[in-house]
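Input: a single structure, listed below in C-alpha cells.
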Amino acid sequence: MDNDLRTEWGKRTGYPVTIDPKAIGYSFPRAPDFEKFRLPFMDEFGIAVQVISTGSPGIQGYADAPTAVVKAKQINDAQAEIVRKYPGRFAGFAGLPTQDPKAAADELERSVKQLGFKGAMIQGSTGWEYLDESKSWVIWERAEALGVPIYLHVQEPSFDSAKVYAGHPELTGATWAWGVEAGTHALRIINAGVFDAFPKATLILGHLGESLPY
C-alpha cells in the first residue's frame, strides 16, 4: 500500500454547501466523514496512511494574531483526536499561527512533542507577509531543531499580483496563479538565506514543486 503525503480535512458549519455531483467527482463535505467516505476510499485505492491538515486558508486566514493562536490550538487538538481514533491510518501536519511567529514556533513544538504531529502546513503568506522575513526565521529554527518539515501550501496571489491575470480567468486558481504564488514564496525563502542559516530545515512543495523544477 502507498502513503498519501498530505490531504485536507475540515468541518464547515453555519452555511449550506452546494455540490453538483455531475460537475465534480468528489466534494468537500465528504472530507470530514472518515468512516463513511475517507477510510473506504483509502482502502479502495491502496492508501495505507494519510497525512492530514486543514484546508486553505487555514490559520493564515485570521487577521487577528491572538485569535489565530487560539484557533491553531483548537484545530490541532481536533486533528490529533482523529489521529488517535484511527491508529496507524493518519498522521498530522500542524496549523501554525504565523501572525505571531514566536507563538507559531511554540505551537509547532507542542504539536510535535505532545500531539505526535509530523510537521506543519502553512497556507502561504500571512497578510502578504512571507516566510523569508527575518521575524519568521524563529519558525525555521524550531522546525530544524525538531527535525520536521514545513509544507508550503498554494494560495491566491496578492491583490497587486492579481492584476496580471485581469481578463484571463483561465489563468487563475489551480491552473496557474496558485502555483506561481507558492513557487515565488519558496524562491523568496531560498534566496533570503533561510537554508544557509538552517541547513537541516526542510521545505515541502506540492504539485511537482510548483513548477520550479521546470
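The values are calculated or read from the model by the stated rules, or taken from the named source; none is laboratory data. Model, not experiment: these values are computed from the prediction. A quick note on method: Cβ atoms are made from the backbone with ideal geometry, for glycine too, and the neighbour counts reach across all protein chains shown.
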Fill in the blank from the handout: Of those in region 55-84 that are more than 20 Å from TRP140 (Cα to Cα) and touching a residue at least 40 places away in the same chain (Cβ under 8 Å), the residue surrounded by the fewest Cβ atoms within 10 Å (Cβ to Cβ) is ALA63
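Of all residues in region 137-184 being under 22 Å from PRO101 (Cα atoms) and acidic (Asp, Glu), which is surrounded by the most Cβ atoms within 10 Å (Cβ to Cβ)? Talk me through it step by step, then tell me what you get.
Let us first name the residues in region 137-184 that are under 22 Å from PRO101 (Cα atoms), namely 137-158, 181-184.
Narrowing further to those that are acidic (Asp, Glu): 141, 144, 156, 181.
Numbers: GLU141: 15, GLU144: 18, GLU156: 16, GLU181: 20.
The qualifying residue surrounded by the most Cβ atoms within 10 Å (Cβ to Cβ) is GLU181.
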Completion exercise
Note on region 103-134: residues surrounded by 24 or more Cβ atoms within 10 Å (Cβ to Cβ), assigned to a loop (DSSP other than H, G, I, E, B) and among the aliphatic types (A, V, I, L, M) are LEU131
Fill in the blank from the handout: Given (1) over 20 Å from ALA120 (Cβ atoms); (2) touching a residue at least 40 places away in the same chain (Cβ under 8 Å); (3) not charged (D, E, K, R), ALA177 misses just (2)
Problem - Residue within region 30-44 that is part of a strand (DSSP E or B) and at pLDDT below 95 present - result: no
